[in-house]
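Structure record follows, encoded as structure tokens.
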Amino acid sequence: MEVLIAATAEEAATFAAEAVLDGLRSRRSGDNVLGVATGSTPLGLYAELAKAVERGEADFSTTTAFALDEYVGLEGTHEQSYRQTLVTELCNVVGLPESRLNTPDGYGDSEAQIRAQAAAYDAAIIEAGVDVQILGIGTNGHIGFNEPGSSLRSRTRIKRLSTQTRVDNARFFEGPDAVPTHSVTQGLGTILEARRMVLVATGSKKAAAIAAALEGPLSAACPGSVLQLHPDAVVVLDEAAAAGLKNRSYYDDSAAGLQFGI
């Protein structure tokens with residue numbers, strides 16, 4: 001695991017964009033496949049990717065993207081759906097065609113239909129093969145909508161949201177009670193199959209979750225700890241998010257050694 005600690009959230013976004021682009025460039029052949037996340041944290045990363053496009057260093061016009069999750073009960077055209085959020089915050093920013101953005105379908109006439117749609121989405125991800133998966137982390141350690149207690153080998157499925165997650169997401173709705181209670185999310189096992197994982201976390205509210213994910217035990221109690229299993233995981237933090245790390249000096253030494261390919 002590579003842990004990069006930036007002085008500011010803005011610098012963290014720059015580091016994360018470099019990690020994403022490096023992972024995409026290493027694809028042997030064919031068009032890139034990018035796993036994308038919603039939330040406040042990736043916005044700076046997407047802005048940095050847009051700058052790379054402007055400089056002629058990146059092109060997402062033939063990239064295929066797969067979103068991590070979607071609310072159950074919201075159609076893809078709903079204003080608060082993650083699909084519409086990504087159209088606004090990703091597609092319109094980096095030039096990714098909306099037709100190449102894949103999102104889970106959490107809308108259906110029955111639970112059985114939504115479960116079938118989740119299984120089909122999981123199969124599509126595996127067939128495409130994700131080159132780089134962008135991740136954030138919740139204050140309770142969730143990635144995607146894999147709440148604490150999620151199986152470390154889970155696949156794309158329906159998952160009930162915790163009270164903490166609904167409170168955290170209430171700012172996008174008219175209070176916590178208006179936040180959907182369930183989501184369709186890629187499972188931890190699905191996420192782990194990406195060739196590279198780039199997790200970004202900023203702010204002091206994420207410090208405890210980051211410390212548990214990076215330095216705590218591998219445990220379903222902290223879904224983010226699955227990063228410890230991945231052979232190419234890059235974690236980019238600002239100083240506030242890194243405040244709880246005990247091995248800080250080693251991470252700094254390792255980052256300094258990157259220039260020598262160590």
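Scanning segment 216-225 for residues that are under 16 Å from the mean Cα position of the chain (by Cα) and either outside any strand (DSSP E or B) or within 14 Å of residue 191 (Cβ to Cβ) (or both) yields 223, 224, 225.
Evaluate the following for residue 228: is it at pLDDT 95 or above, outside any loop (DSSP other than H, G, I, E, B) and among the polar types (S, T, N, Q)? In short, yes. Once segment 151-171 is narrowed to residues that are hydroxyl-bearing (Ser, Thr, Tyr) and open to solvent by less than 20 Å² (accessible area, probe 1.4 Å), the residue that is nearest to residue 12 (Cα to Cα) is 165. The residue that is nearest to the chain's Cα centre (by Cα), counting only those in segment 176-209 that are among the charged types (D, E, K, R) and farther than 18 Å from residue 120 by Cα, is 196. Taking the criterion of being within 14 Å of residue 202 (Cβ to Cβ), at pLDDT below 95 and open to solvent by 60 Å² or more (accessible area, probe 1.4 Å), the only residue of segment 1-58 that qualifies is 40.
Restricting attention to segment 158-193, the residues being in contact with a strand residue (DSSP E or B) (Cβ under 7 Å, 6 or more places away or on another chain), within 18 Å of residue 37 (Cα to Cα) and charged (D, E, K, R) number 1. Residue-level check: of (1) free of Cβ contacts under 8 Å to residues at least 40 places away in the same chain; (2) open to solvent by 60 Å² or more (accessible area, probe 1.4 Å), residue 192 misses just (2).
To keep it simple, each residue is scored yes or no on (1) outside any loop (DSSP other than H, G, I, E, B); (2) more than 17 Å from residue 235 (Cβ to Cβ); (3) open to solvent by 10 Å² or more (accessible area, probe 1.4 Å).
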| residue | (1), (2), (3) |
| --- | --- |
| 141 | no, no, no |
| 149 | no, yes, yes |
| 174 | no, yes, yes |
| 180 | no, yes, yes |
| 183 | yes, yes, no |
| 198 | yes, no, no |
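Scanning segment 59-110 for residues that are open to solvent by less than 30 Å² (accessible area, probe 1.4 Å), closer than 19 Å to residue 24 by Cα and assigned to a helix (DSSP H, G or I) yields 90, 91, 94.
The values are calculated or read from the model by the stated rules, or taken from the named source; none is laboratory data. Since the structure is predicted, the reported quantities are computational estimates derived from the model, not experimental observations. Methodologically, a virtual Cβ is constructed for each residue, glycine included, from the backbone with ideal geometry; neighbour enumeration extends over all protein chains shown. Surface accessibility is based on the protein's heavy atoms, side chains included, excluding ligands, DNA and RNA. Shrake-Rupley method; radii C 1.70, N 1.55, O 1.52, S 1.80 Å.
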